[in-house]
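Participant: Okay, here's the structure, questions in a sec.
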Amino acid sequence: MSGPLLSIRGLVAAYGNIEALKGVDLDISAGEIVALIGANGAGKSTLMMSVFGRPRPRAGTITFDGHDITGVPTHHVARLRIAQSPEGRRIFPRMTVAENLQMGADAAAHAGEAERAAGLERVFALFPRLRERLTQRGGTLSGGEQQMLAIGRALMSRPRLLMLDEPSLGLAPLIARQIFDAIRTLNRQDGLTVLIVEQNANHALRLAHRGYVMVNGRITLSGSGAELLARPEIRAAYLEGGRH
Ligand SMILES: Nc1ncnc2c1ncn2[C@@H]1O[C@H](COP(=O)(O)OP(=O)(O)OP(=O)(O)O)[C@@H](O)[C@H]1O
Ligand SMILES: [Mg+2]
């Protein structure tokens, strides 16, 4: 494949007459971790969800692996093996851990039994805690365990692109670190391509190869994680004495 795995050009998306994305360009190459940072309400979650067609873009294009997926329904996008762990980690609270993981595997329509078993082992290697809690209902897991399950479920669909919306939100620092370490491991060992939306700009930019800063529905800055971390305006707005 030539060119980026995911390419977004001039994306406009709105809720009623509130324009949440005002012409966004963003690229993710295969094998990259890309961080998207920005203040509350900047449009980060909207960007991630627009890839799944909700909200449906009003203008611009989204291309995945050379296919135009702009406005394509969610289940078609999932079939291209794009997976997400949405904001607020929407696991199924009444289902057990095992059933939640099975739901992820079901999204990978062509996976055989052997692949499913290998996928489970991969998830357990990353998050051993999930193996110990297989029969526990999702809703009774701790916040950190629910995040592990949300990521594990997304991984069970064998994604080519994994999109994570605020995976560290509300987690104790030690648990957040485990989540970031797991993402790094997936990228290094399996070459998984990742888009991570984070309020924790410091962690996200250390993890990511490249980052984008979103302000009010527009990308205002982009660069390598290290470049962005060093920029005084980023330090002032997102790192020092800010929200972290
Ligand atoms: N379902 C919705 N209906 C109407 N407006 C919405 C809806 N979802 C988001 N918005 C608005 O769109 C804008 C962008 O929201 P979005 O959730 O994408 O921001 P965000 O960058 O993810 O913020 P946060 O860091 O708080 O999660 C905000 O002004 C928000 O109020
Ligand atoms: Mg959000």
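Participant: Looking at (1) part of a loop (DSSP other than H, G, I, E, B); (2) crowded, with 18+ Cβ neighbours inside 10 Å, which is the only condition Leu47 fails?
Facilitator: Of the numbered conditions (1) part of a loop (DSSP other than H, G, I, E, B); (2) crowded, with 18+ Cβ neighbours inside 10 Å, the odd one out for Leu47 is (1).
Participant: Another question, then. Being away from ligand 2 (no atom under 16 Å from the Cβ) and either crowded, with 21+ Cβ neighbours inside 10 Å or farther than 16 Å from Arg58 by Cβ (or both) is the filter here, so list the residues in segment 12-33 that pass it.
Facilitator: Asp27, Ile28, Ser29, Ala30, Gly31, Glu32, Ile33
Participant: Among the residues of segment 190-202 satisfying the criterion of being surrounded by fewer than 21 Cβ atoms within 10 Å (Cβ to Cβ) and at pLDDT below 95, which is nearest to Leu11 (Cα to Cα)?
Facilitator: Per the criteria, the residue is Gln199.
Participant: Something else now. Quick one: how many residues across segment 14-36 are near ligand 1 (Cβ under 9 Å from one of its atoms) and outside any loop (DSSP other than H, G, I, E, B)? Reasoning before the result, please.
Facilitator: First pass over segment 14-36, keeping only residues near ligand 1 (Cβ under 9 Å from one of its atoms): 14-16, 18-21, 36.
Cutting the leftovers down to outside any loop (DSSP other than H, G, I, E, B) gives us 14-15, 18-21, 36.
The total comes to 7.
Participant: Kindly state which helices (runs of 4 or more DSSP H) lie completely within segment 112-171 and contain at least 1 residues that are in contact with a strand residue (DSSP E or B) (Cβ under 6 Å, 6 or more places away or on another chain), on the phi < 0 side of the Ramachandran plot and buried (at least 22 other Cβ atoms within 10 Å of the Cβ). Steps first, please.
Facilitator: Working: elements: 113-126, 128-132, 143-155.
Because the criterion is at least 1 residues that are in contact with a strand residue (DSSP E or B) (Cβ under 6 Å, 6 or more places away or on another chain), on the phi < 0 side of the Ramachandran plot and buried (at least 22 other Cβ atoms within 10 Å of the Cβ), the helices (runs of 4 or more DSSP H) in segment 112-171 that meet it are 143-155.
Participant: Only one of Ala35, Ala39, Ala14, Ala20 is out of contact with any helix residue (DSSP H, G or I) (no Cβ under 7 Å at 6 or more places or on another chain) and modelled with pLDDT of 95 or more; which?
Facilitator: Values: Ala35 fails: out of contact with any helix residue (DSSP H, G or I) (no Cβ under 7 Å at 6 or more places or on another chain); Ala39 fails: modelled with pLDDT of 95 or more; Ala20 fails: out of contact with any helix residue (DSSP H, G or I) (no Cβ under 7 Å at 6 or more places or on another chain).
The unique qualifying residue is Ala14.
Participant: Quick check on Glu233: is it more than 20 Å from the chain's Cα centre (by Cα) and under 30 Å from Tyr15 (Cα atoms)?
Facilitator: Working: more than 20 Å from the chain's Cα centre (by Cα): yes; under 30 Å from Tyr15 (Cα atoms): yes.
So Glu233 fits the description; yes.
Participant: Turning to a different aspect of this structure: For segment 35-92, give me the residue count where each residue is more than 26 Å from Ser224 (Cβ to Cβ) and away from ligand 2 (no atom under 16 Å from the Cβ).
Facilitator: 22
Participant: Mind checking whether some residue in segment 85-98 is part of a helix (DSSP H, G or I) and either of a type in the set (D, E, K, R) or more than 18 Å from Leu164 (Cα to Cα) (or both)? Let's see the steps before the verdict.
Facilitator: Residues of segment 85-98 that are part of a helix (DSSP H, G or I), as a first pass: 97-98.
Those left that are additionally either of a type in the set (D, E, K, R) or more than 18 Å from Leu164 (Cα to Cα) (or both): 97-98.
Scanning segment 85-98, I find at least one residue that is part of a helix (DSSP H, G or I) and either of a type in the set (D, E, K, R) or more than 18 Å from Leu164 (Cα to Cα) (or both), so the answer is yes.
Results for (1) touching a residue at least 60 places away in the same chain (Cβ under 8 Å); (2) within 16 Å of ligand 2 (Cβ to nearest atom), shown as yes or no for each residue.
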position	(1), (2)
Ser142	no, no
Leu149	yes, no
Ala172	no, no
Gln178	no, no
Leu186	yes, no
Gly217	yes, yes
Arg235	no, no
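Participant: Kindly establish whether Leu80 is out of contact with any helix residue (DSSP H, G or I) (no Cβ under 9 Å at 6 or more places or on another chain) and surrounded by 14 or more Cβ atoms within 10 Å (Cβ to Cβ). If you could, list the steps in order and put the result at the bottom.
Facilitator: On the way: out of contact with any helix residue (DSSP H, G or I) (no Cβ under 9 Å at 6 or more places or on another chain): yes; surrounded by 14 or more Cβ atoms within 10 Å (Cβ to Cβ): yes.
Spelling it out, Leu80 is indeed out of contact with any helix residue (DSSP H, G or I) (no Cβ under 9 Å at 6 or more places or on another chain) and surrounded by 14 or more Cβ atoms within 10 Å (Cβ to Cβ).
Participant: Moving on. Condition check: on the phi > 0 side of the Ramachandran plot, touching a strand residue (DSSP E or B) at 6+ places or on another chain (Cβ under 7 Å), crowded, with 17+ Cβ neighbours inside 10 Å and without any contact (Cβ under 8 Å) to a residue 60 or more places away in the chain. Does Gly60 satisfy that?
Facilitator: Working: on the phi > 0 side of the Ramachandran plot: yes; touching a strand residue (DSSP E or B) at 6+ places or on another chain (Cβ under 7 Å): yes; crowded, with 17+ Cβ neighbours inside 10 Å: yes; without any contact (Cβ under 8 Å) to a residue 60 or more places away in the chain: yes.
For Gly60, the condition - on the phi > 0 side of the Ramachandran plot, touching a strand residue (DSSP E or B) at 6+ places or on another chain (Cβ under 7 Å), crowded, with 17+ Cβ neighbours inside 10 Å and without any contact (Cβ under 8 Å) to a residue 60 or more places away in the chain - is met.
The values are calculated or read from the model by the stated rules, or taken from the named source; none is laboratory data. All values reported here derive from a predicted model rather than from experimental measurement. Positions of Cβ are backbone-derived with ideal geometry, glycine not excepted, and every protein chain shown enters the neighbour counts.
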